[in-house]
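**Student:** What follows is a single structure, and I will ask about it in a moment.
Values quoted throughout were computed directly from the atomic coordinates according to the rules given, and no laboratory measurement underlies them. As the structure is a computational prediction, the values presented were derived from the model and not from experiment. Please note: Cβ atoms are built from the backbone with ideal geometry, for glycine as well, and neighbour counts cover all protein chains shown.
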Amino acid sequence: MCETRLFLVREIHMKMSAAKVKMRGKKMRNQPSSVQYVESGTQNGGGGDEGPSSIHPSTKRQTNTHQRGGWVRGHQKDGGGYSREMPNYITAGAFARARAEEVSTMLKAVTKTTGSCHVFGALPKHMRRRAMSHNTKRLPCRLREVANRMRERSLQAGPKKKKEQAKRKSRKARRRHGNLLLEFNRRQRKNIWLETHIWHAKRFHMVKKWGYCLGNKPTYKCYRSCHRAMSGHCLLQDLSYYCCIELRGEEEKLLASLSQLTGKETGPTFAAALCLSGRRQGSVVVYRAGQYPTQPLGPVTFLWRPRSQELTNRQLWIWAHPTIKQDLLLELQMVCQCCDPVVPPVVTPAEVFPTLQLEPKPEKTSDAKQITETKRKRKCKDASGPPAKKILGDGTRSPSTPVTWNSSSNRIVISDLTMEIVRYRLIGPQSFSVLAETMEAATVCNEINISKPSHLWWPEQCKSESKMNLHQQQTHVFHILKGIFSTGELPSGTVLGLTVDDPRLTLPTKKVKALPCVRPAQEMDEKRRELMLQGVPELCCQSDLWEQSVRSNVADNKTSEQELNRMRNEVLVPGSRLSPTPPQGRVPILLVQQPGKQVGNEMSSWGAGWDLLLPKGWGMAFWVPLVYRGVRIGGLNMSLKHSQNKGAPHFPHDYPDCPAGVRFQEEQEAELLAKFKRRPPAKRTNYIKHGCLAPFCCPWQQLSEECELITTEGEEERRGECQSTTEADTVMEEMTSYGEIAETKPLSRVVVLRNRKSLRLLSGWCRATTSKGQKSCRVGELPPLDRSAMTVFLTAHRMSLVWVRLSVLCKGKPELHAMVCVPTAEDLNLLKKKCGSSGPQEPPHRDHFKSSVRRRKKEPKKAAQSSWCSDNIQGKESVFSTEPNPTTSVVLNSSSSDIILGLWPDPLPSITSNCSRVTLGWVTQGDFSLSAGCGEALGFVSVTALLKTLFNQPMEHRGVLLLRNPTSLHYRFAKINIEV
Amino acid sequence: MSDPRTPGMSSVPQAAPVHTDSTSPAVEMDPVEYTLRKRLPRKLPKRRNDVYVNMKTDFRAQLARCQKLLEGGAHREICVHGLGLAINRAINIALQLQASSQGVLQLAANTSTVELVDDLEPEDPDEAGEHLTRTRNNSAIHIKVFYPDPQ
């Protein structure tokens, strides 16, 4: 009897899915256990314990029939054809007793409710309605009473569970100004809001990144129109989250300290003459002190304040991404020997704006004095009653007063100006037209205002003759620049300081599209030409934005919206310009030209634009007028596309050797993996079958290590051949060499090649051509790519990656983490025969892990099942559970619980040789490029492997590689470009 | 400004009108010292019937574009501009247009000189090198393709 049952149970389990088993288990929970027996017992005449009985005449037929009926749901494939010896006879008495017992258990089972004890369960599906649970009158009469009872019971149980919630205020109360401000302050305590946050939050998908709330992409569809704006008109972005670090000190000392952070081989550094004069903005990749070329931190841009007579010290702003700010600050403090934190004079802000600081978060460096200071402020805020009036500006941001450090030895002062300066980026050829239309150079104060002393900065400035002269010159330059049609015509990185009127005064009533006003004027033309050649004179690069006192003065004395509206109300002709300009309506700004695409031969100066630097608090005052000039607004998403079209690496996505880049990759991997796991297993891509080892994260380290290994092995082999040793010897040698490598040369961390000379060399070897395959007209006298040149290059740059751009030759759109592979000779023949060949296919791989994953899945089921029938079959259980599956146990032992169907488990096999084509690297940004009109990918490849590939390729196909998406088996031909 | 130029490592402006360097690779400046960057040629506002010819776009596509403009009926005349290397192509397009119209269209060509700006960025390691800017001239052609007035 037990045996039969056991068999049946097992069979059931073979045929039922896990969910069914679970359901069944639930249903059977309250059932007497031996009901099962009914079906199996009827035919073979009672239990197995009864002993021999008379021969049943129609054993076989009945066996079949019983398989059909009974409890087993679903289709039975083989009819459960187990051959079992039937008893030869049955005893009538025992048989009858057994049946009687069964009948009684059946009766018992019938009276008890099954698994789900809901009344609706009693109704057939087509009669159930959702509303029945609310309104029992919708139920048929016979069920109503039961349902009522259950409802009462659940109602009684309900309130106990529910937590007592604080009563929410009414919407009206919540939207009241003060309460709203408090709410906003609470919400931005953790992630800082930019000044344009509320504007963005209404229109963008916001993400919390790097300690800020940033707009990722607009809620409306605008991908193409944003691209059009970037290449034809103007796209606006708020880059205020970039952190500014100010350094003050003597020029030589600053330069000496900063030179430790950069490598001169990567291009102009902080000391470049043009940047040092303050006429241009520079950009540089910063390394840890003295560690070049290893351990880079990330790219920064920097701006020197122009020299002036009254200042002996130089001032330098370093703009960095928030992810590297902390590292950079530490590094700067180290090289400048600045580690004495200075408490900034806190008196002024507290007096000017007693209600300004809300929840002062004590900075980690702040000492006791500052804490007491903040407490005093809080108190006075409480006393003053109403909460802060200012949402924007510094009011609601975590009011970390810029922490300053100075050094006793070389008198360098470092201050952190994060969120002190608003930075907007305008991308596109018409950026300057937009700026010119939005802003007007500041009008000079009239005599009356000048004569009386004022606490505002502009009337004070108007008193000084030289300052006014400077202002005149700057205004003149600004007017000349209006005559230039496209931003790309200017010298890259041009800086212009200016003082402008409050742009809200000239806000148009309707959105208008700013158009350039290029008028041919003879004398203007001459000046324009001079400006184009010489750039903006050094004097005009000066701006009052550099002065801390002016910045705070302007930020504190901003005209409120309310005041402006009152002025608008009083104007006689509605919609006309507000005049005269209120004395506090002048703002010092800095305009910095951003060079567009500088590398490569095509699309030169694409995406050039202007950066607008403003004092804090004036963000929205400039943002809305800019938006009213018909610009498009882009989010983080668009800045990624911008750098992608420029062919430039985007921080932190494309800096795998920087700590921030590594962190980003980890985050991205986790995100992609989570996304992958959210899909039902049957609908997931099986990356193993696609031969894709790392679909979510690129193991750069392993790749370059393998490439190094292959080259060294190759060399060993060659040497072995020269010595005409036997094969066994070579193998031996290889093994020893492998051992040597592992022991003697500890492979360093992977680095990205940024040495300009080497890049130029490499670029020449790749036969730099345009993406359409046209031959570049001029390749200078490069040393030919031969073995000696290769060895020299490789010894200089071990374990390095190089940033490449790949343009797909015909079809195909590269995606994230697509593989860059080496074409075989046959592939190249294919390409030679038919130019538009779509490319070879990767033979599908076998997934060896699939079966083990399946088996592992079954394991818990078995366990559940064994426990389920343990009460009956204790004796047999041991036998049952100890029919082990050797492979399963092996897999279970070998790999921990993180096998995911379709992904390689952790120790990855050899990356380079996993597929039929050797892998060189991966794509980090890939898309259909709207500006090039074909698929374009940006990514890294291993220098070692790339050089070897190039060396082996015939001249006419040099630089042709294959691209394969992780979700596809199709290789596509692509042309490699290394742009310097 | 007899300084020779860098071979290679130059960026050709992409936007229309395309120009190529008239003085060719016969140059002998040390490539380590300076990098040549060409700025975009000066752009002027463009009317709808202005066609700037470049060397990147397919010839047939540019021809078709001009034909569409003329046959669309909106414009009695179009202007085909070409700079540097693209002069040849601009002339070709204009002649093709004329030929395909069976002599109805008339041409009026003008030539001009365009001033182009190059930046020379110093590459020397001690970074004391002066940033140079210089100008050079290139020829351009402006061909008016038009239907003559009926009288």
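**Student:** Could you give the length gained by full extension between A:A273 and A:R224, i.e. 0.36 nm per residue of separation minus their alpha carbon distance, to one decimal place?
**Tutor:** 13.7 nm
**Student:** Using θ = phi - 60° and the Karplus form 6.51 cos²θ - 1.76 cosθ + 1.60, what ³J(HN,Hα) does each residue of the stretch B:136-149 get, whole Hz, x for Gly and Pro?
**Tutor:** 3J(HN,Hα) across the stretch B:136-149, in whole Hz: 9, 10, 9, 8, 9, 10, 10, 10, 8, 10, 8, 7, x, 5.
**Student:** Further question on the same structure: Evaluate E = 1/(1 + (r/R0)^6) for A:T443 and A:H177, where r is the Cβ-Cβ distance and R0 equals 35 Å; express this FRET efficiency to the nearest 0.05.
**Tutor:** For R0 = 35 Å, the calculated efficiency reads 0.60.
**Student:** Enumerate the amide H contacts of A:T443 below 5 Å, restricted to partners 5 or more residues apart or on another chain; note that Pro and chain-start residues carry no placed amide H.
**Tutor:** Under 5 Å from the amide H of A:T443: A:D501.
**Student:** Can you run phi through the Karplus equation (6.51, -1.76, 1.60; θ = phi - 60°) for the stretch B:61-78 and list ³J(HN,Hα) in whole Hz, with x for Gly and Pro?
**Tutor:** 5, 5, 5, 4, 5, 5, 4, 4, 4, 6, 7, x, x, 6, 10, 7, 8, 10
**Student:** Another question about this same structure. Once the Cβ-Cβ distance between B:R48 and A:E460 is put in as r, and R0 is 56 Å, what FRET efficiency do you end up with, to the nearest 0.05?
**Tutor:** The computed FRET efficiency comes out at 0.65.
**Student:** Would you mind classifying the stretch A:571-686 by shape? Square roots of the alpha carbon gyration tensor eigenvalues, ordered a ≥ b ≥ c; an a/c under 1.5 is rounded, otherwise it is prolate if a/b is larger than b/c and oblate if not.
**Tutor:** Prolate is the answer for the stretch A:571-686, as a/c is 1.5 or above and a/b outweighs b/c.
**Student:** I've got another one for you. Sequence-distant or interchain residues sharing an amide H contact under 5 Å with A:V286, placed H: which?
**Tutor:** A:L297, A:G298, A:V300
**Student:** With 28 Å as the cut-off, how large is the P(r) tail for the stretch A:421-646, expressed as percent of Cα-Cα pairs?
**Tutor:** It works out to 32 percent of all Cα pairs.
**Student:** Right, another one. Using only C-alpha positions, report the orientation-averaged shadow area of the convex hull of the stretch A:152-306, nm², one decimal.
**Tutor:** Computing the convex hull of the Cα atoms and averaging its projections yields 18.4 nm².
**Student:** I want to check the label-to-label distance for B:D58 and A:A682. Put each point 7 Å from Cα in the C-beta direction and report it in nm to one decimal.
**Tutor:** 4.5 nm
**Student:** If you don't mind, another one. For an R0 of 41 angstrom, estimate the FRET efficiency from the Cβ-Cβ distance between A:S913 and A:N216 and round to the nearest 0.05.
**Tutor:** Efficiency for this residue pair is about 0.60.
**Student:** Roughly how many nanometres apart are two label points built 7 Å out from the Cα toward the Cβ at A:A201 and A:L672?
**Tutor:** So the two model labels end up 3.3 nm from each other.
**Student:** Over the stretch B:60-130, consider all pairs of different Cα atoms and compute the Kirkwood hydrodynamic radius from their mean reciprocal separation; express it in Å, one decimal.
**Tutor:** 15.1 Å
**Student:** Pairs A:K172/A:K511; A:K689/A:K813; A:K646/A:K975; A:K22/A:K137; A:K20/A:K112; A:K832/B:K68: which are spaced more than 28 Å apart, C-alpha to C-alpha?
**Tutor:** Pairs exceeding the cut-off: A:K172/A:K511; A:K22/A:K137; A:K832/B:K68.
**Student:** Mind giving me the nanometre distance, one decimal, between the label points for A:R97 and A:R130, set 7 Å out from Cα along Cα→Cβ?
**Tutor:** Simple spin-label model gives 5.8 nm for this pair.
**Student:** What ³J(HN,Hα) values, in whole Hz, does the Karplus curve 6.51 cos²θ - 1.76 cosθ + 1.60 give for the stretch A:305-317 when θ = phi - 60°, with x put for Gly and Pro?
**Tutor:** For the stretch A:305-317, the Karplus-derived couplings read 7, x, 5, 9, 5, 6, 10, 8, 7, 8, 10, 9, 10 Hz, x marking Gly and Pro.
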